Amino acid sequence: MHRILPVLFTVAGLSAAAQNSEDEFYRIDTFPDRGLKLEIGALTKLGDGSILLGTRTGDVFFAEGAYEDDPEKVSYRRYARGLAQPLGFLEHEGWVYTAQRGELTRMRDSDGDGKADEFITVCDDWEISGNYHEYNFGPRMDKDGKMWVTLNKPFGGQPYGRAHWRGWAVRIDPRTGRMEPMCTGLRSPAGVEASPDGEIFYTDNQGEWCNASKLSHLAKGEFHGHPHGLPSKELAGSPFDQIPSPKSGTYMKDLHETIPQWKMPAVWFPYNKMGKSPSGMCWDTSGGGFGPFAGQLFVADQHHAWVMRVFLEKVEGHWQGACFRFREGFQCGIIRVAFGKDASMFVGMSNAGWGGRGNKGWGFQRLRWTGKLPFEVHSMKVQKGGFLLTFTKPVDMAAAGRVGNYAMKSYTYKLESRYGGPEADTQPVAIKSAEVLEEGRAVRLTLDGMRAGYVHELVMSNLIARDGAKLLHPEAYYTLVKIPR
């Protein structure tokens, strides 16, 4: 997250037209808070379908009646209290695991009275300095059965000295509690999630040594850009024998030349165009119950109070892909999202001192597909010499085949010590042809000037579906790390 701000932003920055058109396809329901300050930082669906939420102040509630058609029927039953800023839940073998400020904890209701009565420290091998910004996110379980936690770095002073392992991703064996430091260079890794295949991804917030917010894949022995955690590499358990410190001003696409452990992100979220503070995320495993994007990733943003959509593909061993706007207009900055048993998306929110859009400082909402199909770019796949766009509806072939209806530019980012930074080395990308394929379900764009290591920003104008529908979100941002040979 970003630094504390004294101002609560309003919905003035939102597009009323966008909200209205999005509402036709995805409807937001608002749950009453029943007088509780639901600053939600942890949210999950348990195995029985029930919704569990945790607040910044340490309360844990079941949201009963959350699946009712009428959101006013919801009530909250307290399950636990007194936790230290839980920022994630994971159910495993009858326990609920949560990353608190100082430890990974598991809790359960052992006597069946509806309240947690066992709280066990699983691991507390990382340190905290007392700085407010030392949040911990997770856990999420990988394909090996280990739990990943991402550790926020401090912002500003560290009153009790430097704390080790801040700015790292660690994984923990839930049976033994053993912590294994995996990778460093994280700044404010507000979201951590496991893919359906057990791959671990995280979101990071733009700031110092992080010119643009991003989504990255995590694996052992990698460096993700921020030098704060590098001193911990000397400790036992570090996966690094040695690793150079980054030099401010280096293009991120070139950083591997001096730091072999550098890992490019899977997706950059261009600042302001695609939010400012990406947070929680969830894969759509509904099999179509949430609309036409099954298998894709949805990423929330705390500042913009919206949800983005991400299409990912693996190219020459590296995850990369495109991000799209999806749904804006939530009442507060979003921290966590989770799918329910009915394929609706539950949304937990808190501004908690961070600036954000919306008309409240906290909240609990639900996003439901209305059953109406939006006209959207479904996927954006890189090919040798261009991109293949697929659509949720057949396109008007004349409009889709007109080169002048597409515009593209590419840009990249530097790794700089200052707080954030602009798009760099921007150049237009010439679109040579637009070939309509698959009876109007796809368009192949042939390009001149694709560049590895650059965001390729595509704007589509005057595209309509065969049934006359307008393209709901005409922008796409593909992070091109690898170009197929």
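Overview of results
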{"quantity": "Filter result for residue 414 (in contact with a helix residue (DSSP H, G or I) (Cβ under 8 Å, 6 or more places away or on another chain), within 25 Å of residue 312 (Cβ to Cβ) and outside the structural domain of residue 315 (by TED's automatic domain parsing))", "calculated": "yes"}
{"quantity": "Counted residues, region 109-133 - those being loosely packed, with under 12 Cβ neighbours inside 10 Å, of a type in the set (D, E, K, R) and touching a Lys or Arg at 6+ places or on another chain (Cβ under 9 Å)", "calculated": "1"}
{"quantity": "Those residues of region 429-459 which are over 30 Å from residue 257 (Cβ atoms) and either acidic (Asp, Glu) or within 25 Å of the chain's Cα centre (by Cα) (or both), in sequence order", "calculated": "435, 438, 439, 459"}
{"quantity": "Test for residue 295: is it in contact with a Pro (Cβ under 9 Å, 6 or more places away or on another chain), modelled with pLDDT of 95 or more, outside any strand (DSSP E or B) and surrounded by fewer than 18 Cβ atoms within 10 Å (Cβ to Cβ)", "calculated": "yes"}
{"quantity": "Any chance residue 332 is closer than 21 Å to residue 390 by Cβ, touching a Ser or Thr at 6+ places or on another chain (Cβ under 9 Å), crowded, with 24+ Cβ neighbours inside 10 Å and not small (Gly, Ala, Ser)", "calculated": "no"}
{"quantity": "Hey, residue 280 of a type outside the set (Ser, Thr, Tyr), in the same structural domain as residue 138 (by TED's automatic domain parsing), assigned to a helix (DSSP H, G or I) and buried (at least 22 other Cβ atoms within 10 Å of the Cβ) or not", "calculated": "no"}
{"quantity": "Spans of strands (runs of 3 or more DSSP E) in region 304-359 with at least 3 residues under 23 Å from residue 197 (Cα atoms)", "calculated": "306-315, 318-327, 334-339"}
{"quantity": "Within region 220-236, tally of residues that are more than 30 Å from residue 450 (Cβ to Cβ), part of a loop (DSSP other than H, G, I, E, B) and either charged (D, E, K, R) or touching a Lys or Arg at 6+ places or on another chain (Cβ under 9 Å) (or both)", "calculated": "1"}
{"quantity": "Any hit, region 158-176, residues being in a strand (DSSP E or B), in contact (Cβ under 8 Å) with a residue 12 or more places away in the chain, among the aliphatic types (A, V, I, L, M) and out of contact with any Leu (no Cβ under 7 Å at 6 or more places or on another chain)", "calculated": "no"}
{"quantity": "Test: residue in region 216-230 that is in the same structural domain as residue 49 (by TED's automatic domain parsing) and within 13 Å of the chain's Cα centre (by Cα)", "calculated": "yes"}
{"quantity": "Candidate set from region 396-420 (those that are buried (at least 20 other Cβ atoms within 10 Å of the Cβ) and among the small types (Gly, Ala, Ser)); member that is nearest to residue 439 (Cα to Cα)", "calculated": "400"}
{"quantity": "Matching strands (runs of 3 or more DSSP E) fully within region 16-82 where at least 2 residues are of a type outside the set (Asp, Glu) and within 23 Å of residue 281 (Cα to Cα)", "calculated": "26-30, 40-45, 51-55, 60-64"}
{"quantity": "Residue in region 138-157 that is buried (at least 22 other Cβ atoms within 10 Å of the Cβ), in a loop (DSSP other than H, G, I, E, B) and over 19 Å from the mean Cα position of the chain (by Cα) present", "calculated": "no"}
{"quantity": "Positions within region 117-137 being under 24 Å from residue 239 (Cβ atoms) and not in a loop (DSSP other than H, G, I, E, B), in sequence order", "calculated": "122, 123, 136, 137"}
{"quantity": "Selection status of residue 433, assigned to a strand (DSSP E or B), within 24 Å of residue 314 (Cβ to Cβ), touching a Gly at 6+ places or on another chain (Cβ under 9 Å) and not assigned by TED's automatic domain parsing to the domain that holds residue 215", "calculated": "no"}
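The values are calculated or read from the model by the stated rules, or taken from the named source; none is laboratory data. This one's a predicted model, so the numbers in the text were calculated from it and none came from an experiment. With ideal geometry, Cβ positions are generated from the backbone for all residues, glycine too; neighbour counts draw on all protein chains shown.
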